[in-house]
1. Among Met38, Met101, rank each residue by its count of other Cβ atoms within 10 Å, from fewest to most, as a rough exposure measure.
2. Rounded to whole Å, give me the distance from the Cα center of the stretch 24-51 to that of the stretch 172-193.
3. Report the extension gain between Arg27 and Leu13 in nm, rounded to one decimal, defined as 0.36 nm multiplied by the number of residues separating them, less their alpha carbon distance.
4. Report relative contact order for the stretch 13-205 in percent, whole number only (criteria: Cα-Cα under 8 Å, sequence separation at least 6).
5. Report ³J(HN,Hα) in whole Hz for each residue of the stretch 163-177, in order, from the Karplus equation J = 6.51 cos²θ - 1.76 cosθ + 1.60 where θ = phi - 60°; Gly and Pro get x.
6. Once the dipole of the stretch 63-168 is set up with Lys and Arg at +1 and Asp and Glu at -1 on Cβ about the Cα centre, which of Leu69, Leu168, Thr85 lies farthest towards its positive end?
7. Given charges of +1 on the Cβ of Lys and Arg and -1 on the Cβ of Asp and Glu, with all other atoms neutral, how large is the dipole of the stretch 13-205 about its Cα centre, in debye to the nearest 20?
8. With a 10 Å radius around each residue's Cβ, average the other Cβ atoms per peptide and rank 237-243, 45-51, 189-195, highest first.
Amino acid sequence: MIRKEEIRKRLELNAELAVAVLESFIRDAARTADAQGMVVGLSGGVDSALSTALAVHALGPEKVHAFFLPYSASTSESRRDAEATAESLGVDLPEIDITSMIDPYFDKYEPDADRLRRGNKMARERMSILFDQAKKKGCLVLGTSNKTEILLGYSTIFGDNASSINPLGDLYKQQVWQLAKHLDLPSAVIDKKPSADLWPGQTDEDELGFEYALADEVLYLMFDRGLAPDEVVARGYEAAVVEKIQELEQRNRFKRRLMLVARLSGSAINLDREIPRD
């Protein structure tokens, strides 16, 4: 039986091999789509920094187009860390401020909208800009959501979880940190508390109610190892936390599915005759 003290060790990667595989994935995706490169939103966080670094290593900095897309409430630290990442990787970082695209809608039509709705709108606006830039440049949009966020549903559908390809989607958060350190990304980016920077003081772990390291271990046991929640608890994890993680994973599964199409024929899209990726 796998013991609790063994789990974090199980999550450690062969960093050199993992990076090689992910860089090959990016090169192959660009070649298959006949794309000119990648477009990515560089937020100042470790996930977008790692995705950008992998793309730069795979394709060269001239084929990676990073954008900083702040809102009026974005912190100066986010800009500083995004610029530090861009400089370390040799990519330009044009800025497109989304405030004038967000505020008029809420000011005129939905002034009572809560912070979550506003945050979702920001995430979708950013992705809309990235896809437009990708169209302009003949590129693919590079995803930045990690496996922990995807499984917990800690993402915005058609926002940050929308992309052409995603090299981080099978990396738990602590594996993202591991590869970021391996690639020698700026320490300020790696060491900062994860945040979507949606409002002042916002952090991922405060919103979720538990640390990423704990979520990684529980999700690994349930998703990768197929353990039932009571089996996870039996390994020393708090029952209330395991229950909350399971509930988030189950409730947000719809975010991981492609559009649901009503079946009228024997070859409905996303239901029949699935075409494998090249």
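1. Numbers: Met38 30, Met101 17.
By the 10 Å Cβ count, ascending, the order reads Met101, Met38.
2. Using only Cα atoms to place each centre, the spacing works out to 17 Å.
3. Working: separation 14, 0.36 × 14 = 5.04 nm, distance 2.11 nm.
Stretched out fully, the Arg27 to Leu13 stretch lengthens by 2.9 nm.
4. On the way: 318 pairs, mean separation 52.3, N = 193.
Reported as a whole number, the value is 27 percent.
5. 6, 6, 9, 9, x, 9, x, 10, 10, 5, 4, 5, 6, 4, 4
6. Of the candidates, Leu168 comes out farthest on the positive side.
7. On the way: 20 positive and 28 negative charges, 68 e Å.
Here the stretch 13-205 has a charge dipole of around 320 debye.
8. Values: 237-243: 15.4, 45-51: 26.3, 189-195: 17.0.
Going by the mean number of other Cβ atoms within 10 Å, highest first, we get 45-51, 189-195, 237-243.
Where a number appears in this text, it was derived from the coordinates with a stated rule and is not lab data. Keep in mind the model is a prediction, meaning the values are calculated, not measured. When we count neighbours, we look across all protein chains shown, and the Cβ atoms used for this are built from the backbone with ideal geometry, even at glycine.
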